[in-house]
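The values are calculated or read from the model by the stated rules, or taken from the named source; none is laboratory data. Keep in mind that what you see is a predicted model, and the values were worked out from it rather than measured. Virtual Cβ from ideal backbone geometry, glycine too; neighbours counted across all protein chains shown.
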C-alpha cells in the first residue's frame, strides 16, 4: 500500500507519478501493491501528509472559479491519508516513510540516476 505525497528527487516539488514509480519498484522486487490496508498487508509506504487548503472566500472564487474543487480535492486526499494511516496502525501494519523504504531496497542514492525506475 502506498499513500501520501512524494518528492522522490528532492527538488522541492511533489512528483505526481511517484506512486506509479514506487509501485514499479515494489513489483520489480516481487511485491504486489494493494489498493487498501488489510491484515494481509506487509507494510505501508507513506509519503508526506497532503496540505490542507483553506476553504476559498468569495473573492478567491472570483479570481479562481476552480478553487472550490481544489479545496474539496485537498480535503479528500487528506482524509484518505489519515484513514490509511489510522487503519494501518490499528492493524499493526509497519509504516515505512518513503525515504526509509528507498534506503531499505537500496535505491536511496540512485533516485536521480537515469533508469532508476
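Quick notes on this one:
- Residue in region 27-42 that is at pLDDT 90 or above and part of a helix (DSSP H, G or I) present: yes
- Residue in region 16-24 that is at pLDDT 90 or above and outside any helix (DSSP H, G or I) present: yes
- Residue check, residue 27 surrounded by 11 or more Cβ atoms within 10 Å (Cβ to Cβ) and under 18 Å from residue 104 (Cβ atoms): yes
- Complete set of residues in region 17-40 that are in contact with a helix residue (DSSP H, G or I) (Cβ under 7 Å, 6 or more places away or on another chain) and farther than 10 Å from residue 2 by Cβ: 37
- When the residues of region 1-15 are filtered to those that are within 21 Å of residue 89 (Cβ to Cβ) and assigned to a loop (DSSP other than H, G, I, E, B), the one that is nearest to the chain's Cα centre (by Cα) is 4.
- Residue within region 54-66 that is under 17 Å from the mean Cα position of the chain (by Cα) and either surrounded by fewer than 17 Cβ atoms within 10 Å (Cβ to Cβ) or touching a residue at least 24 places away in the same chain (Cβ under 8 Å) (or both) present: no
- Among the residues of region 67-81, the ones that are in contact (Cβ under 8 Å) with a residue 12 or more places away in the chain, within 29 Å of residue 31 (Cβ to Cβ) and surrounded by fewer than 17 Cβ atoms within 10 Å (Cβ to Cβ) come to 2 in all.
- In this entry, residue 45 is excluded by the filter for residues that are under 25 Å from residue 101 (Cα atoms) and loosely packed, with under 12 Cβ neighbours inside 10 Å.
- Counting only residues that are out of contact with any helix residue (DSSP H, G or I) (no Cβ under 8 Å at 6 or more places or on another chain) and in a loop (DSSP other than H, G, I, E, B), region 44-57 holds 1 of them.
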